[in-house]
Amino acid sequence: MQNFKDQLNRIIYLKETPTRVISLVPSQTELLCDLGLGSYLVGVTKFCVHPHHIKTNVPMVGGTKQIHLDKITALQPDIILCNKEENTKEIVEVCESICNVHVSDIYDIKDSLELIEQYGYIFNRKKEASALLDEIKKELSGFEEFIQSKPTLKVVYFIWKNPWMIAGNNTFINYLLKINKFENSYSKKERYSEIEISKFSTNKNIEVVLLSSEPFPFKEVHKKELQDFYPNATIVLVDGEMFSWYGSRLTKVFAYFKTLRLNLQNNEF
């Protein structure tokens with residue numbers, strides 16, 4: 001028997017390597033597949049869309065906030081993978097009545113790398129995890145060198161409409177904004193906050209408005225809607241997965257961020 005700790009320092013007792021896995025977190029489903037563990041998945045959420053074949057090959061057990069407990073129980077998992085932000089405390093507790101539950105807690109890249117390392121140990125994929133970690137660190141180093149000479153830009157990052165909601169402090173999104181040298185104008189607000197949209201004079205200081213593709217699917221029409229409120233800003237539709245998914249997605253985000261910054265620099269929006 002081996003003992004492991006998850007990112008909430010909860011102890012997990014495993015008699016052997018888990019081979020029947022349910023993932024209740026889309027970015028962690030992608031990570032498992034990139035570690036060569038796709039065949040271990042016996043259940044995922046309806047939001048697990050990467051890789052694209054997952055939704056057709058693996059049974060769906062609900063969403064990230066609402067699950068079908070009967071389906072999960074029937075699948076006889078060895079371990080269920082959760083996240084502190086995306087899944088509720090109640091979901092974690094009820095899943096613990098079925099089998100071991102690993103809970104991730106991600107605020108920055110250090111946490112993301114730790115999660116990959118933990119999965120490497122739990123699922124006996126240390127070699128694959130190590131290769132993934134090396135690739136992410138290399139991509140991050142290159143981006144840090146690239147972004148060093150770029151100016152800091154004052155931004156707003158919208159995640160929802162009706163009501164308007166932004167990403168604030170203590171979020172993975174806010175951490176990635178910092179890496180991009182984007183000064184979050186709502187960094188004093190906690191996590192995901194509602195805001196009132198009006199023509200404040202301070203809005204004239206906003207240089208870039210980022211409209212996420214998820215969870216609300218912002219479109220071109222919303223750019224036009226917001227331009228009156230942020231008259232001096234460049235308003236950009238961005239890939240929300242690049243700003244909020246962790247794990248193996250980090251091998252792709254820095255190339256995306258480079259392109260985003262260069263397009264802003266060259267006024268290509």
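The values are calculated or read from the model by the stated rules, or taken from the named source; none is laboratory data. The structure presented is a predicted model; accordingly, all values stated were derived computationally and were not measured. Neighbour counts run over all protein chains shown; Cβ positions are idealised from the backbone, glycine included.
Where strands (runs of 3 or more DSSP E) fall wholly inside the stretch 149-225, no range has 1 or more residues that are assigned by TED's automatic domain parsing to the domain that holds Asp105 and under 22 Å from the mean Cα position of the chain (by Cα).
Among the residues of the stretch 123-178, those identified as of a type in the set (D, E, K, R), closer than 30 Å to Gly36 by Cβ and touching a residue at least 40 places away in the same chain (Cβ under 8 Å) are Arg125, Glu128, Glu135, Glu139. Of all residues in the stretch 208-236, those satisfying the criterion of being surrounded by 19 or more Cβ atoms within 10 Å (Cβ to Cβ) and not hydroxyl-bearing (Ser, Thr, Tyr) are Val208, Val209, Leu210, Leu211, Phe218, Leu226, Ala233, Ile235. Taken as a whole, the condition of being of a type in the set (Ser, Thr, Tyr), outside any loop (DSSP other than H, G, I, E, B), surrounded by 14 or more Cβ atoms within 10 Å (Cβ to Cβ) and assigned by TED's automatic domain parsing to the domain that holds Lys127 does not apply to Ser39. The single condition among (1) in contact with a strand residue (DSSP E or B) (Cβ under 7 Å, 6 or more places away or on another chain); (2) not in a helix (DSSP H, G or I) that Glu86 does not meet is (1).
Each row is one residue, and each column tells you yes or no for (1) surrounded by 15 or more Cβ atoms within 10 Å (Cβ to Cβ); (2) touching a helix residue (DSSP H, G or I) at 6+ places or on another chain (Cβ under 6 Å); (3) assigned by TED's automatic domain parsing to the domain that holds Asn170; (4) outside any helix (DSSP H, G or I).
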residue: Pro77; (1), (2), (3), (4): yes, no, no, yes
residue: Leu81; (1), (2), (3), (4): yes, yes, no, yes
residue: Ile106; (1), (2), (3), (4): yes, yes, no, yes
residue: Asp111; (1), (2), (3), (4): yes, no, no, no
residue: Glu135; (1), (2), (3), (4): no, yes, no, no
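Whether any residue in the stretch 150-160 is farther than 30 Å from Leu41 by Cα and of a type in the set (Lys, Arg) is what I want to check.
The answer is yes, given that some residue of the stretch 150-160 is farther than 30 Å from Leu41 by Cα and of a type in the set (Lys, Arg).
Here Thr17 fits the description: β-branched (Val, Ile, Thr) and in a loop (DSSP other than H, G, I, E, B).
Answer with yes or no whether Ile122 is within 25 Å of Asn174 (Cβ to Cβ), crowded, with 19+ Cβ neighbours inside 10 Å and more than 17 Å from the chain's Cα centre (by Cα). Here the answer is no, as Ile122 does not meet what is asked. A search for C-beta distances below 8 Å between a residue of the stretch 228-246 that is within 10 Å of Val209 (Cα to Cα) and in contact (Cβ under 8 Å) with a residue 24 or more places away in the chain and any residue that is in a loop (DSSP other than H, G, I, E, B) and of a type in the set (Phe, Trp, Tyr), counting only pairs 6+ apart in sequence or on different chains, returns Thr234/Phe269; Ile235/Phe269; Val236/Phe269; Leu237/Phe218. When the stretch 51-61 is limited to residues that are surrounded by 15 or more Cβ atoms within 10 Å (Cβ to Cβ) and at pLDDT below 95, the one that is nearest to Thr19 (Cα to Cα) turns out to be Ile54.
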